[in-house]
1. Give the angle, between 0 and 90 degrees and rounded to the nearest 10, that separates the Cα long axis of helix 51-61 from the longest principal axis of the Cα atoms of the chain.
2. What does the charge add up to near residue 37, with Lys and Arg as +1, Asp and Glu as -1, over the other residues with Cβ less than 12 Å from its Cβ?
3. Which cross-chain or sequence-distant (5 or more) residues have an amide H under 5 Å from the amide H of residue 72, H modelled 1.01 Å from N in plane?
4. How much of the accessible area of the chain, probe 1.4 Å, is carbon plus sulfur, in whole percent?
5. Calculate, axis by axis, the spread of Cα positions in the chain along the three principal axes, and write the results as whole Å, longest axis first.
6. How much length would be gained if the chain were fully extended between residue 41 and residue 28, taking 0.36 nm per residue of separation minus their Cα-Cα distance, in nm to one decimal?
7. Just the C-alpha atoms of the stretch 27-66: what Rg/Rh do they give, with Rh taken as the Kirkwood radius?
8. Accessible area per residue for the stretch 1-56 in Å², computed with a 1.4 Å probe and the full protein assembly in place, what is it?
Amino acid sequence: MNKRGISMGISYRKLWVLLAEKEISKQEFREQLGIASGTMTKLNKGQEVALSVLLRICEYFHCDIGDICEVVEKNKI
């Protein structure tokens, strides 16, 4: 929680939309990028993952990090 009493988290909603638009299943995505099942679980639960994973996803889609995730207030996740 920050000074103003707002707790921030991360949302991967943009990533899931991108996968749907490209008609890529989460399983196919995980296998193609070599993402560990535990890391995929964290992504699914909206938990923090290593920056190196996010960068690998960006490389895969040739996109910016803001295209796959965003910081949001936890009560809006």
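1. Helix 51-61 sits roughly 50 degrees off the main axis of the chain.
2. +2
3. Under 5 Å from the amide H of residue 72 lie the amide H atoms of 9, 10, 11, each far enough along the sequence or on another chain.
4. The nonpolar share, carbon plus sulfur, comes to 50 percent.
5. 41, 23, 18
6. Length gained, residue 41 through residue 28: 3.2 nm.
7. 0.93
8. So the stretch 1-56 comes to 68 Å² accessible per residue, rounded to a whole number.
The values are calculated or read from the model by the stated rules, or taken from the named source; none is laboratory data. Please read all numbers here as calculations on a predicted model, not as lab measurements. Cβ sites come from the backbone with ideal geometry, for glycine too, and all protein chains shown count toward neighbours. Keep in mind that these areas ignore ligands, DNA and RNA; they rest on the heavy atoms of the full protein, side chains included. Shrake-Rupley method; radii C 1.70, N 1.55, O 1.52, S 1.80 Å.
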